[in-house]
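First comes the structure, then the notes that go with it.
The values are calculated or read from the model by the stated rules, or taken from the named source; none is laboratory data. Not measured: the values here are computed from a predicted model. For neighbour counting, all protein chains shown are included, and Cβ atoms are generated from backbone atoms with ideal geometry for every residue, glycine included. For accessibility, only protein heavy atoms count, side chains too; no ligands or nucleic acids. Shrake-Rupley method; radii C 1.70, N 1.55, O 1.52, S 1.80 Å.
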Amino acid sequence: MDRRKLGDSGFEVAPLAFGGNVFGWTADEAMSFRLLDQFVDAGFNLVDTADSYSRWVAGHQGGESETLIGRWIARRGRHDDLVIATKVGSDMGQGHKVLRRDYILQAAEASLRRLQVDCIDLYQSHWDDEKTPFEETLAAYDQLLRQGKVKAIGASNLTAARLSQALEVSKARALPRYTTLQPHYNLYERASFEGELQALCVRENIGVITYFSLAAGFLTGKYRSEADFGKSARGPGMKKFLNPRGMKILDALDTVAAPRHATPAQVALAWLMARPGVTAPIASATHPDQLRDILGAASLKLDPEAIELLDAASA
């Protein structure tokens with residue numbers, strides 16, 4: 001399996017990450033273990049989760065995904081062949097996002113317990129907290145790094161201006177530096193990453209792991225009319241994509257996929273893998289067949305003509 005450097009984190013990862021938001025939600029423990037085994041057996045090594053997964057489910061309080069990953073790690077007895085990435089800072093019931101020093105230190109201990117590891121490989125600020133200075137947030141990470149409880153840090157959902165500011169604070173105060181960024185980016189959602197933010201990541205060697213890489217399933221091609229909404233729990237959310245631009249993107253995915261004996265999902269992920277600055281898109285699966293499909297994207301290389309067609313359709 002081809003490996004890519006994940007920014008300056010020190011990690012090398014396969015070009016696709018498994019999104020752990022499904023563990024303990026739409027994939028129960030047995031299925032979660034089966035999917036994780038399949039993912040690793042295929043040569044992939046980056047698993048992304050967060051302390052807030054899956055707090056949105058009735059009766060859940062967050063931590064369910066980390067807990068299942070922790071049980072899986074304990075069962076296999078190792079995780080030195082993996083990069084486990086988790087996140088801190090989401091609203092966990094306090095009513096707002098928070099990246100205060102005391103909160104991060106407390107949350108890290110809880111994540112370590114749930115994951116059943118003594119060190120988090122990649123610890124990421126899940127959302128921007130403009131009320132807390134970057135100096136305070138980065139000082140918390142500095143303490144965790146010095147204690148050996150975290151190996152590298154990253155950010156998620158930062159604008160170009162805010163990421164640039166964070167990097168400046170790291171340099172000026174000799175504090176640890178964000179080595180990765182997790183932006184919302186896919187063939188349908190391009191504007192929030194492309195341009196200034198993408199250029200900054202390339203220039204500063206920030207490893208990029210994209211989320212909603214398949215637009216919550218729309219780019220798999222299984223939602224082409226409102227009649228398809230019943231296919232999954234995410235179905236009703238597809239309505240915002242069923243417009244002329246969305247259908248044009250699906251048509252382009254079909255056009256590129258057919259002669260390559262590929263699927264729309266594989267093409268959409270391969271397009272992301274070919275984008276400047278992108279290290280690995282994150283994608284989720286709840287069934288072995290779905291996972292087998294998305295893993296196939298790693299061996300699909302798109303030629304310039306295919307990329308140009310997809311670029312034009314999604315512009």
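A few notes on this one:
- 12 Å cut-off, amide nitrogen to a point 7 angstrom out along Arg203 Cα→Cβ, residues in the stretch 238-280: none
- If you take the alpha carbon atoms of the chain and fit the smallest convex hull around them, that volume is 129 Å³ per residue.
- Degrees separating the helix 264-273 axis from the principal Cα axis of the chain, which is the longest one: 50
- The ellipsoid equivalent to the alpha-carbon distribution of the stretch 59-110 has semi-axes of 25, 14, 8 angstrom, derived from the gyration tensor eigenvalues as √(5λ) and listed largest first.
- Inter-part distance where the stretch 98-117 and the stretch 134-165 are each reduced to a Cα centre, Å: 13
- Whole-number percent relative contact order across the chain, with pairs defined as alpha carbons under 8 Å at least 6 apart: 18
- Measuring max minus min along each principal axis, the C-alpha atoms of the stretch 243-301 give extents of 30, 29, 24 Å (largest first).
- P(r) tail for the stretch 131-211: Cα pairs beyond 22 Å make up 26% of the total.
- Degrees between helix 304-314 axis and first principal axis of the chain (Cα, 0 to 90, nearest 10): 80
- Amide hydrogen neighbours beyond the local backbone of His126, cut-off 5 Å, H modeled: Val88, Gly89, Ser90
- Nearest-ten-degree value, helix 29-41 long axis tilted from longest Cα axis of the chain: 80
- Under 27 Å from the Cα of Lys5 - lysines, other chains or at least 8 residues apart: Lys87, Lys149, Lys151, Lys171, Lys301
- The heavy atoms of Glu305 present about 120 square angstrom of accessible area, all protein chains included, probe 1.4 Å.
- Hydrodynamic radius of the stretch 95-164 per Kirkwood, over alpha carbon pairs, in Å: 12.4
- For Asp28, solvent-accessible area (1.4 Å; no DNA, RNA or ligand), Å²: 100
- Hull volume in cubic angstrom per residue (convex hull over the Cα atoms of the stretch 52-146): 94
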